[in-house]
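Q: Here it is, the structure, as structure tokens.
What follows is calculated from the coordinates using simple rules that are stated; it is not laboratory data. Nothing here was measured: the structure is a model prediction, and the numbers come from that model. Ideal geometry is used to build each Cβ from the backbone, glycine not excepted, and the neighbour counts take in all protein chains shown.
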């Protein structure tokens, strides 16, 4: 069985997903709340997302190698993240996967873990 990292196409595919995610977030009016939580230039945060996702989907643990242990909930604690913000994030990730022509196998493989990741960031109703 292939890992999500392999199904995404390795490093290039994971990087493309991180970049596409922020592109989608910047283009979707319904994601304006979460987009406002980010700097105008999303290149730095896209690189961090790429590094995190690399290890998270079964590839090299690039984020840990550079920054050490990651506590995503504490890094996001300064933002109010409720169900609406979680769902905006999920819709952007779903669209990014579709835009990259991710396989149905990959989409189904990631559905629950991606939801759980987004839900873990929620700190408000």
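Q: Per DSSP helix of 4 or more residues, -39500 (n - 2.57); summed, then divided by the residues of the chain. What does that give at 222 nm, rounded to the nearest 500? Provide the component values of the computation, followed by the final result.
A: Working: 8 runs with 86 residues, N = 125.
When only DSSP H runs of four or more count, the value is -20500 deg cm²/dmol.
Q: To continue, here is another question. Output needed: percent of Cα pairs per 10 Å distance bin for the chain, bins running from 0 to the one holding the longest distance.
A: 13, 46, 37, 5
Q: Further, regarding this structure: Pop the C-beta distance of residue 104 and residue 124 into the FRET formula with R0 = 30 Å and round what comes out to the nearest 0.05.
A: Efficiency, rounded to the nearest 0.05: 0.35.
Q: In whole Å, how far is the Cα centre of region 4-71 from that of region 79-125?
A: 12 Å
Q: Separation between the residue 72 and residue 90 pseudo-spin-labels, each 7 Å from Cα along Cα→Cβ, expressed in nm?
A: 1.3 nm
Q: Gain in length, residue 44 to residue 112, computed as 0.36 nm per residue apart minus the alpha-carbon separation, to one decimal in nm?
A: In short, 21.8 nm is gained.
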